[in-house]
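Below is one structure, written out as structure tokens; the observations come after it.
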Amino acid sequence: MNHIAPGARAGIYHYDEIDRRFVGERVEQFRKQVERRLAGELTEEEFKPIRLMNGLYLQLHAYMLRIAVPYGVMSAVQLRKLSEIGRKYDRGYGHFTTRQNLQYNWIKLEDTPAILNELADVDMHALQTSGNCVRNVTTDQFVGAAADEVVDGRVYAEILRQWTTLHPEFTYLPRKFKIAISGASSDRAAVRVHDVGLLARRNEAGEAGFTFYVGGGLGRSPFIGKLVREWVAEEDFVAYLEAILRVYNQYGRRDNIYKARIKILVHELGLDTFRQEVEEEFERLRGPKYRMAPEIVAEIRKHFAPPPFEELAERSDILERAKATDPAFANWVAVNVAEHRAPGYAIATISLKPPGGIPGDATCDQMDLIADLAERHSFGELRVSHVQNIVLAHVKQDELYDLWQQLDAAGLGTANAGLIGDIIACPGLDYCALANARSIPLAQAISARFADPIRQRTIGELGIKISGCINACGHHHIAAIGILGVDKKGTEFYQITVGGDPTLTTAIGDILGPAVTETEAVDAIEAIVEVYLANRTGEDERFVDTLKRVGHAPFKERIYAAD
Amino acid sequence: MPSQDGSLKAITANRLRDGVVVFLGADAAWVEAFADAALFAAADADAALAAAKAQAEGEQFGVDVYAFDVETENGVPVPVKMRERIRALGPSVRLDLGKQAAA
Ligand code: HEM
Ligand code: SF4
């Protein structure tokens, strides 16, 4: 087997023999389960929960396989394997999702054990991507690189991976359980819309600790995570989370799937009672068994040691010269490149949202190219962001121009990170069996309408997010402009919300008015943008701020006045 | 076969081994193209569906077996809902994929 060789690569956790043996055993079990299903020894009713535990869903056209990318970080070798699988077993592309993972849309059940076997060769799998377990923990896509980072979230996300994967108590929770960690001063992981959202921080003594938000979530009943405890010391991190999961496991509702998430439990018990239950459980649990010793944390942290950065000047003359001669590149740098904490380095976001494109889709050729570029420019490591883009976290500023030219030649050089073209869209009715309406065509029409990079920059920070049904996989609730697909007597309609916010000032958007058709929706978005531009006090007043100041009225008037 | 629009049904499933969309055709054989699907009067659809389910599940052939509405447009039967139109053709955003690509 060609396991990933440890070496001078950045931030990739290397599986040990225990991890490998476990993943290997699960693949073998599943192979036999598939054989028994195909032979009729298992009914669909018996088999379905088993296949879901291995990340395999049935969608409209075929099976869909969801590959785990723990905390969104992977190696170039792993991405190349994903591309190889996409070519061999799928249709030459993959879809990167808001859960920082990858989905294939055209998988055959009979091929799945072989696919899982190939994934295991590069320490990958589809565990904890489905079912009522603790799902793969998500984090900031700039982790370990961002200039504003306080604590490295990967360390704790990896601890959680090891702690939850084989935890018998957490395999049959009342419902799925999603945890997100952010360790920077700006929240890029949408922590307050997760079942548990963790802010990793440092106290005055420089020790790491966590703020716990519990009960956030989207879907049918959106809730913003509530502050359960301001400070949990690092050594109590696992104990406190275990206490929360135990309270949830005991009181969470198993009788009604719509009321089974922890957000409903927190809501129904009330925050104070919930907190009291957790604190009592925490007191019982606290002790040597659950204490996370500093040595353990240090051991895990070693895996995430910074890559061997060179000592470079703060600013790169090569970069400045390239910007001066190539305005398109200068625009990409201004929009898609973020500050790195090491002098002379930068964080580059590769947009998977070309104007008119399918958000999050990448062809296998593009994946191969990104893997090559990650190797050449970012220590062989890359990240998937929850906005469905790819991030090369450690690029020398000197090399940005070279990187961008290669990206641009492959249709990956779009400059729209965080702008109106950077749309999140779920698969919707083009693929998803639960959908009420299509999401992708609307995303394509909107990004094409706003293709002009100068217009996008003028509009500034403005997120559009689209879901094809109330499950809200496209995060529409927390978008500055959210779009929800609904079915009205067999016709697709779209409900527009405004004022959502995915950052720490989390807000759920409000419905602007009656749902509109697809064509009307694109015009309505343009009208909203025009009203914003006409009303803002200046370029530094963001859309959400203008909306707060002027309210819904001018927007409603403009969109609904005609009828 | 009744000709009144909206009162027709067809039966679909996903093939177990590969997930491919199939339709119940003539003589209770499963076919891959919607054009070859058998059409049932609404009154007969329940019995046909029950038989198709029993057969598909009994022989480990198909899963998620269900009936859906069909209407005729310019004399050609088409699924009423977008969901089954997309199942019959493929993703509307990737005309190179799915059954529409083979045509
Ligand atoms: C295509 C097959 C999919 C199915 C069957 C599916 C199913 C669901 C369901 C049933 C929920 C609601 C859960 C609840 O509230 O209890 C949900 C929520 C969610 N899903 Fe999906 N989903 C699919 C695809 C995706 C994709 C492609 C993404 C990423 C782009 C995604 C990410 C999420 C997120 C972020 C939520 C909402 C957050 C929350 O859990 O509250 N899902 N999904
Ligand atoms: S939001 Fe609905 S339509 Fe979109 S992927 Fe999730 S379940 Fe499917």
Expected output is a single nm value to one decimal: the length gained when fully extending between residue A:18 and residue A:561, i.e. 0.36 nm times separation in residues minus the C-alpha distance. What is it? 189.1 nm
Heavy-atom accessible surface of region A:440-515: percent carbon and sulfur, 1.4 Å: 58
Approximate spin-label separation residue A:433-residue A:455, in nm, with each point projected 7 Å along Cα-to-Cβ: 4.0
For region A:433-560, percent of DSSP beta bridges that are antiparallel (nearest 5) comes out at 75
Suppose a student asked you for the relative contact order of chain A, using Cα pairs under 8 Å spaced at least 6 residues apart; what percent would you report? 13
Pairs of alpha-carbon atoms within less than 8 angstrom and 6+ residues apart define the contacts here; what relative contact order does region A:6-121 have, in percent? 28
Tell me the label-point distance for the pair residue A:491, residue B:7, using the 7 Å Cα-to-Cβ offset, in nm and rounded to one decimal. 2.5
How big is the charge dipole of the protein assembly as shown about its Cα centre, in debye rounded to the nearest 20, if each Lys and Arg gets +1 on its Cβ and each Asp and Glu gets -1 on its Cβ? 880
Can you pull out the cysteines in chain A that have no other Cys Cβ under 4.7 Å? A:133, A:364, A:432, A:469
With every protein chain kept in place and a 1.4 Å probe, the residues A:431, A:172 fall, from largest accessible area down, as A:172, A:431
Taking the Cβ of residue B:49 as the center, what net charge do the other residues with Cβ under 14 Å away carry, scoring Lys and Arg +1 and Asp and Glu -1? -3
Nearest-0.05 FRET efficiency for residue A:231 and residue A:272 at R0 = 25 Å, using Cβ-Cβ distance, is 0.85
In whole Å, what is the distance between the alpha-carbon centres of region A:51-68 and region A:363-380? 26
In whole angstrom, how far apart do the alpha carbon centroids of region A:307-326 and region A:235-296 sit? 48
Lysines whose Cα lies under 20 Å from that of residue A:323, excluding same-chain neighbours fewer than 8 positions away: A:396
More than 22 angstrom apart: percent of Cα pairs within region A:6-121: 36
Viscosity 1.002 mPa s, 20 °C: Kirkwood-radius Stokes-Einstein D of chain B over Cα pairs, µm²/s: 155
Run the helix sum for the protein assembly as shown: -39,500 (n - 2.57) per DSSP H stretch of 4+ residues, divided by residue count, reported at 222 nm to the nearest 500 deg cm²/dmol. -11000 deg cm²/dmol
In whole angstrom, note down how far apart the Cα centers of region A:184-224 and region A:128-168 are. 12
Any number yet on Rg/Rh for region A:448-563, C-alpha, Kirkwood? 0.95
With all protein chains present, how much of the accessible area of region A:6-121 (probe radius 1.4 Å) comes from carbon and sulfur, to the nearest whole percent? 48
Taking R0 as 25 Å and r as the Cβ-Cβ distance between residue B:101 and residue B:59, the FRET efficiency 1/(1 + (r/R0)^6), rounded to the nearest 0.05, comes to 0.35
If N is the residue count of the protein assembly as shown, its Cα Rg over 2.2 N^0.38 Å rounds to 0.97
Please work out the ratio of the alpha-carbon Rg of region A:145-302 to 2.2 N^0.38 Å and round it to two decimals. 1.01
Residue A:279/residue A:29 FRET efficiency (R0 45 Å; Cβ-Cβ; nearest 0.05): 0.70
The answer for residue B:8, listing residues at least 5 apart or on another chain whose modeled amide H is closer than 5 Å to its amide H, is B:70
Can you tell me the relative contact order of region A:277-403? Whole percent, Cα pairs under 8 Å, sequence separation 6 or more. 24
Are any of the pairs A:108/B:9; B:9/B:99; A:259/A:556 more than 24 Å apart by Cα-Cα distance, and if so, which? A:108/B:9; A:259/A:556
Extending each Cα 7 Å along its Cβ direction at residue A:539 and residue A:311, get the distance between those two points in nm, one decimal. 3.8
How big is region A:317-409 along each principal axis, measuring the range of its Cα positions in Å and listing the largest first? 35, 27, 22
For region A:183-200, take each phi angle, set θ = phi - 60°, evaluate the Karplus expression 6.51 cos²θ - 1.76 cosθ + 1.60, and give the result in whole Hz per residue in order, putting x for glycine and proline. x, 10, 6, 9, 8, 9, 10, 6, 4, 7, 10, 10, 4, 10, x, 10, 9, 7
How much net charge surrounds residue A:127 when only other residues with a Cβ under 11 Å from its Cβ are counted (Lys, Arg +1; Asp, Glu -1)? +3
Considering only the other residues whose Cβ falls under 11 Å of the Cβ of residue A:187, what net charge follows from Lys and Arg at +1 and Asp and Glu at -1? -1
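The values are calculated or read from the model by the stated rules, or taken from the named source; none is laboratory data. Only a predicted model underlies this, so the values are computations on that prediction, with no experimental measurement involved. All Cβ positions, even for glycine, are placed from backbone atoms using ideal geometry, and neighbour counts span all protein chains on display. Each accessible area value is taken on the protein alone, full model and side chains, heavy atoms only, with ligands, DNA and RNA left out. Shrake-Rupley method; radii C 1.70, N 1.55, O 1.52, S 1.80 Å.
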